[in-house]
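Below you'll find the structure, written out as structure tokens, and then a few comments.
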Amino acid sequence: MSKKILVVDDEPQIVKVLKAYLEKAGYQVVTASDGKAALSNFQHEKPDFLILDLNLPGLDGLEVCK
């Protein structure tokens, strides 16, 4: 069973590159583009690891961590 990683960034190109590399390495990747979606996906998907941008629209990365 592969580990699940949540990638949160508002830059689609960054998400695309990270997702491609991580999937190639065998990880399952879930993505979000803002803080609210990150919290929702985190609660629903229960990822093993989180890659989180701090500068997000709306709810920033620091608030998501809290």
Report task. Could you tell me which numbered condition ASP53 fails, if it satisfies all but one of (1) open to solvent by 60 Å² or more (accessible area, probe 1.4 Å); (2) in contact with an Asp or Glu (Cβ under 6 Å, 6 or more places away or on another chain)? Result -> (1)
Requested in this report: Just need a number here: residues in region 1-35 that are touching a helix residue (DSSP H, G or I) at 6+ places or on another chain (Cβ under 7 Å) and closer than 12 Å to LEU50 by Cα.
Outcome: 10
Query raised in the report: Of all residues in region 31-66, which are among the polar types (S, T, N, Q) and either in contact with a strand residue (DSSP E or B) (Cβ under 7 Å, 6 or more places away or on another chain) or closer than 18 Å to ILE14 by Cβ (or both)?
Result: THR31, SER33, ASN41, ASN55
Query raised in the report: Residue check, LEU18 against (1) surrounded by 15 or more Cβ atoms within 10 Å (Cβ to Cβ); (2) under 19 Å from GLY58 (Cβ atoms), all met but one. Which one?
Result: (2)
**Report entry** Single residue of region 21-50 satisfying the filter (charged (D, E, K, R) and farther than 23 Å from MET1 by Cβ) that is surrounded by the most Cβ atoms within 10 Å (Cβ to Cβ)
**Finding:** ASP34
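The values are calculated or read from the model by the stated rules, or taken from the named source; none is laboratory data. Note that the coordinates shown come from a computational prediction; the quantities given were computed from them, not determined experimentally. With ideal geometry, Cβ positions are generated from the backbone for all residues, glycine too; neighbour counts draw on all protein chains shown. We work out accessible area using only protein heavy atoms, side chains counted, and drop any ligands, DNA or RNA first. Shrake-Rupley method; radii C 1.70, N 1.55, O 1.52, S 1.80 Å.
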